[in-house]
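These notes concern the structure reproduced below.
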Amino acid sequence: PAPSQARAVGPAELTVRPASGGRLMQHPVLGEISPAKHNAEAFEAEVRYRGNAIPIGIDPDGEEIEAVLALASKVVASLEEIDENSRIVAARDLLATHNNGWNEYDEVMEDGSTRTIHNPELTEDEFRDRLTLSAVNVLGVSNIDIWFEDGGLFWGHGVCVSSFDGLDLTGARAELYG
């Protein structure tokens, strides 16, 4: 859906009813759910969070769609907590990587020589504050990927926090992509 059609995050009961026009669905938490462009078995929704439109990818991965939508609804209903906890995971897994090399670069001078720029090391809070939630993917009934824009920490690479335990991020891991 267009950003103006995105649903605000908030609690609601879970019901799924097909909308007119085939596989489109209206959902009280996820809003309009449409078939994904890249995968005939998957779906897409969009919610508003902190003023931004956040795409929600939904892939049943062989599971019953109602169960997968239930997980996606729980994710959206607790998006603020998931965002905060995912930032903690990202800082735990990637802060040292940033502070041990990604905070340095070479700058080319007018005469063609280079000089190394050393940006200060970041604290966990500074690192977390630079991340911006950009998308969430739900795969089956237990896998969640939470995507962040890196705020320049890793020169535009995506940061993904993955949980194979649903909303429990205890064993989640963060990685760089792109």
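The values are calculated or read from the model by the stated rules, or taken from the named source; none is laboratory data. Only a predicted model underlies this, so the values are computations on that prediction, with no experimental measurement involved. Counting neighbours? That spans all protein chains shown, and the Cβs are built from the backbone with ideal geometry, glycine included. The protein model used for the area step is the full one, side chains on, heavy atoms only, and it has no ligands, DNA or RNA in it. Shrake-Rupley method; radii C 1.70, N 1.55, O 1.52, S 1.80 Å.
The convex hull defined by the C-alpha atoms of region 94-178 has an orientation-averaged projected area of 6.6 nm².
If you plug the beta carbon distance of residue 123 and residue 100 into 1/(1 + (r/R0)^6) with R0 = 22 Å, you get a FRET efficiency near 0.90.
Residue 108 sits with roughly 110 Å² accessible to a 1.4 Å probe, with DNA, RNA and ligands left out of the calculation. Per residue, the chain exposes 54 Å² of accessible surface when a 1.4 Å probe is rolled over the protein heavy atoms with every protein chain present. With viscosity 1.306 mPa s and temperature 10 °C, the Kirkwood radius over alpha carbon pairs of region 27-115 converts through Stokes-Einstein to a diffusion coefficient of 97 µm²/s. Antiparallel beta bridges, as assigned by DSSP with both residues in the chain, represent about 85 percent of the total such bridges. Ranking 60, 86, 70 by Cα position along the charge dipole of region 41-135, where only Lys, Arg, Asp and Glu carry charges on their C-beta atoms, puts 86 farthest toward the positive end.
Diffusion coefficient (Stokes-Einstein, Kirkwood radius over C-alpha pairs, 37 °C, 0.692 mPa s) for the chain: 187 µm²/s, rounded to a whole number. Using C-alpha pairs below 8 Å separated by at least 6 residues, the relative contact order for region 23-109 is 16 percent. Using Cβ point charges alone (K and R +1, D and E -1), the dipole size of region 26-178 about the Cα centre works out to roughly 180 debye.
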